[in-house]
Amino acid sequence: MAHRIAWSRRALQDVEGIAEYIAADSPTYAGIVVKKIIIQTRMLGQFPRAGRKVPEFDDENVREIISL
């Protein structure tokens, strides 16, 4: 069963900022990076424990994926 992923306003702004920064040099790579972020986020919907618990929050439901 898939879980619902909720993006915070700040997270969406961060992704937009990342895309704009990369697009200044390469719109193609900006698209690739944003697509990778979306794919990994969707993966959390299927495998919610795949990410790690965010240390700043004491909530098992707040997760993050650290990727290179």
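The figures follow:
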| read-out | value |
| --- | --- |
| Qualifying positions in the range 1-21 - at pLDDT 90 or above and β-branched (Val, Ile, Thr) | 15, 18 |
| Boolean, residue 40 is in contact with a Ser or Thr (Cβ under 8 Å, 6 or more places away or on another chain) and at pLDDT 85 or above | yes |
| Whichever residue in the range 27-37 is surrounded by 13 or more Cβ atoms within 10 Å (Cβ to Cβ) and within 16 Å of residue 64 (Cα to Cα) and, among such residues, is modelled with the lowest pLDDT | 37 |
| Which numbered condition residue 24 fails, given (1) among the aliphatic types (A, V, I, L, M); (2) at pLDDT below 85; (3) over 18 Å from residue 11 (Cα atoms) | (2) |
| Long-range neighbours under 8 Å by Cβ, at least six apart or interchain, first residue surrounded by 10 or more Cβ atoms within 10 Å (Cβ to Cβ) within the range 1-17, second assigned to a loop (DSSP other than H, G, I, E, B) | 3/48 |
| Selection count, the range 10-51, where residues are over 22 Å from residue 63 (Cα atoms), among the charged types (D, E, K, R) and outside any helix (DSSP H, G or I) | 1 |
| Cβ-Cβ under 9 Å pairs, at least 6 apart or on other chains, the range 55-68 side small (Gly, Ala, Ser), far side surrounded by 10 or more Cβ atoms within 10 Å (Cβ to Cβ) and outside any loop (DSSP other than H, G, I, E, B) | 67/36; 67/37; 67/40 |
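The values are calculated or read from the model by the stated rules, or taken from the named source; none is laboratory data. This structure is a prediction, so every number in the text was calculated from the model and none was measured. Every residue, glycine among them, receives a Cβ derived from its backbone with ideal geometry; neighbour counts consider all protein chains shown.
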